[in-house]
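Structure record follows, encoded as structure tokens.
Please treat every number below as a calculation from the coordinates, not as lab data. Being a predicted model, the structure only gives us computed values, none of them experimental. FYI the Cβ positions are ideal-geometry reconstructions off the backbone, even for glycines, and counts take in every protein chain you see.
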Amino acid sequence: MASLNVGNLGEYLREQRRQAQLSLRQLAEAAGVSNPYLSQIERGLRKPSADILQQLAKALRISAETLYVQAGILDERDRDEVETRAVILGDPSINERQKQVLLQIYESFRKENALSEGEPPADEAQSTK
């Protein structure tokens, strides 16, 4: 897992908060964190947990994975996979069995492509960390 890049995360959060036209106090209240704690995150003085990032993302109406990438918890490729899976699982027009089949096909394509690019399959790469 990558180390937290809190400086860039804080700048990113501040920009997202401003775009959402929320004050520091409003975002803190919406996310269920204290005003001073949020201020410290924005200034790069605190490293928020994944749970806090998820609460902030919900309050900002952005994807938690985006904040995880900014914080260095996920890399860009991991985020793409998580978001793809979430879209499949969240599609109300297909049933659960169809969702599982789609996820199996998706995973088999990812493994096949990783092998052709000389990378270890995702499940093997995870076990070596």
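The calculated FRET efficiency for the pair Asp80 and Lys58, based on their C-beta separation and a Förster distance of 25 Å, comes to about 0.75.
With a simple spin-label model that places each label point 7 Å from the Cα along the Cα-to-Cβ direction, the separation between Glu29 and Ser108 comes to 5.3 nm.
Taking the Kirkwood radius as the inverse of the mean 1/r across Cα pairs, report the Rg/Rh of the range 12-129.
Ratio of gyration radius to Kirkwood radius: 1.08.
If you count Lys pairs in the chain whose Cα atoms are under 28 Å apart, skipping same-chain pairs closer than 8 places in sequence, the total is 5.
Between Leu60, Leu38, Val101, the Cα set farthest toward the positive side of the dipole of the chain (charges on each charged residue's Cβ, about the Cα centre) is that of Leu38. Considering only Gly118, Ile88, Leu9, and ranking their Cα positions along the charge dipole of the chain that arises from unit charges at the beta-carbon of Lys, Arg, Asp and Glu, the one farthest toward the positive end is Leu9. Within the shell defined by Cβ-Cβ distances under 12 Å, the residues around Leu24 carry a net charge of +3, with Lys and Arg each +1 and Asp and Glu each -1.
A helix-only calculation puts the chain at -21500 deg cm²/dmol for mean residue ellipticity at 222 nm, using -39500 (n - 2.57) for each DSSP H run of at least four residues, averaged over all residues.
What is the Cα centroid distance between the range 16-31 and the range 53-121, reported in whole angstrom? The range 16-31 and the range 53-121 have Cα centres separated by 27 Å.
When only DSSP loop residues count, what trypsin sites (Lys or Arg not before Pro) in the range 35-112 have their Cβ near at most 13 other Cβ atoms within 10 Å?
Arg43, Arg61
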